[in-house]
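The values are calculated or read from the model by the stated rules, or taken from the named source; none is laboratory data. Worth saying up front: this structure is predicted, and the values here are computed from it rather than measured. All Cβ positions, even for glycine, are placed from backbone atoms using ideal geometry, and neighbour counts span all protein chains on display. What goes into the accessible areas is simple: the full protein's heavy atoms, side chains included, and nothing from ligands, DNA or RNA. Shrake-Rupley method; radii C 1.70, N 1.55, O 1.52, S 1.80 Å.
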Amino acid sequence: MIKAVVVLALAAVASAGVVGGPVGVAYAGGPVAHAPVAYAQPIAKAVAVAPEPYDPHPQYNYGYSVSDGLTGDSKTATETRDGDVVQGQYSLVEPDGSVRTVTYTADPVNGFNAVVDRSAPAVAKAVVAKAVAPVAYAHAPVAKAVAPLAYAAPVAKAAIAHPGLAYGHGLAGPAYLG
């Protein structure tokens, strides 16, 4: 936090344009001599910028469509503008397969209005052929033999020779591996 304050203070001094400062500093009430403070003049160049052309009645039309068979991505969008009135529509396929279509208008009187329509997903029913005769199957019984598990006691325990290697920075007692 202090570093940020110092950096901001240095930036403030640098942007103020101070060139000189006090010449001498006296302590305990002695005389103090100051040099005159000079300020640097800002360097500014007058650049003439041509104003952008103003269109009192803007008009445009655009649209696009994407249909990717590999990923299944499918979407469209169109929009038109005539003066202050904008009309448009976009649609996309959602992950569940439904199609969301948004139709919108915007004008100075009514503001922005959008109508969202969602159609049910298109599901194609798969035709399944029925088997003429049931398939007979039989299996022989399987005998299961399970051997009991045996557990052995630990063979040896090794002590750590240096207590500093244990957790706790040497404050813990001896640790055992086992």
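Looking across the stretch 81-98, the residues that are open to solvent by 60 Å² or more (accessible area, probe 1.4 Å) and among the polar types (S, T, N, Q) come down to 87, 89.
From the list 52, 79, which residue is touching a Gly at 6+ places or on another chain (Cβ under 9 Å) and of a type in the set (D, E, K, R)?
When all the criteria are applied, what remains is 79.
Specify the residue that is modelled with the highest pLDDT; the eligible residues are those in the stretch 47-82 that are more than 22 Å from residue 115 (Cα to Cα) and of a type in the set (Gly, Ala, Ser). Within the stretch 47-82, the match that is modelled with the highest pLDDT is 67. Taking the criterion of being touching a Gly at 6+ places or on another chain (Cβ under 7 Å) and either modelled with pLDDT of 90 or more or among the hydrophobic types (A, V, I, L, M, F, W, C) (or both), the residues of the stretch 94-122 that qualify are 104, 122.
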